[in-house]
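For reference, the structure discussed in these notes is given below.
All of the numbers you see were taken from the coordinates with simple rules; none came from a lab. Treat the numbers as computed from the prediction; the structure is a model and nothing was measured. Note that we place each Cβ from the backbone using ideal geometry, even for glycine, and neighbour counts take in every protein chain shown.
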Amino acid sequence: MTLQQIQCLLQYLGYYTITVDGIWGPGTEQAVKDFQHDNGLEEDGIPGKLTQAALPDAVAKGRFKPKEIQAETDNDGGEELWWKEIRYFTREEFRCKCGGKYCNGFPAEPQEGMVRAIDNVRAHFGKAFTPNSGVRCPSHNANVGGVSNSRHLYGKAVDFCVPGKTAAQVLAYIAALPGMGYSYAIDDTNVHMDIP
């Protein structure tokens, strides 16, 4: 299968949104990763044999890229309504830390489940804190050593520390929260928390 054919199939399925040119680039790589993610394949961004076999199968079975669910917003078309229920954090606190060098700050939206989880952590410990890292654009993620399929890229992860608490204490509480993904200690005080 040629690269142009791969791009055409990815475009048909809704993963590739730029010009089909048969040239390998970051847009094609990300489209391949997204397709692999949604189809249970290794997310390496390389259109190998398994990915090439899965593409026509997805076309035949109509497995298109899942559409983002349009969240309910207020009457002015502004912030999603669930943000009004978040007690301790604002959307801005999850902005990409590249400072506008590579993105507009929100290449992905902070996901509701992740924001509600960190809000619960804040309520449980009663200590004010700000996320160290929320949403990341691919360039910033690479610059800080993030893995290529980091959940930060999708607004599903956050790094933080709770003043006066060890990472182990925070992780013990996170483990009891429903719907959590993978959480771990970055060091003695900082933790990473994500949702599936």
Completion exercise
Residue-ordered couplings for region 173-185, obtained by feeding phi - 60° into the Karplus form 6.51 cos²θ - 1.76 cosθ + 1.60 and rounding to whole Hz (Gly and Pro as x), are 6, 4, 4, 8, 6, x, x, 8, x, 10, 10, 7, 7
Fill in the blank from the handout: Which residues qualify? For Ile186, with a placed amide H closer than 5 Å and at least 5 residues away or on another chain, they are Val191, His192
Handout entry: Acute angle (nearest 10 degrees) that the helix 3-13 long axis makes with the longest principal axis of the chain, alpha-carbon atoms
Key = 60
Handout entry: Between 0 and 90°, nearest 10: helix 26-38 axis offset from the chain longest Cα axis
Key = 70
Exercise for the section: Would you be so kind as to identify which of Tyr15, Thr51, Val121 lies farthest towards the positive end of the dipole of the chain, taking Lys and Arg as +1 and Asp and Glu as -1 on Cβ and the Cα centre as origin? Expected result: Val121
Exercise for the section: Would you mind checking the tilt of helix 112-125 against the longest principal axis of the Cα atoms of the chain, expressed as 0 to 90 degrees and rounded to 10? Expected result: 20
Handout entry: Charge dipole (debye, nearest 20) of region 3-61; +1 at Cβ of Lys and Arg, -1 at Cβ of Asp and Glu
Key = 180
Practice task
Report the semi-axes of the equivalent ellipsoid for region 3-61 in whole Å, largest first, where each axis is √(5λ) for an eigenvalue λ of the Cα gyration tensor.
Solution key: 16, 13, 10
Practice task
At 0.36 nm per residue, minus the direct Cα-Cα distance, what do Thr2 and Val59 gain on full extension? Give it in nm, one decimal, please.
Solution key: 18.9 nm
Handout entry: Convex hull of region 56-196 built on C-alpha atoms - directionally averaged projected area, nm²
Key = 10.5
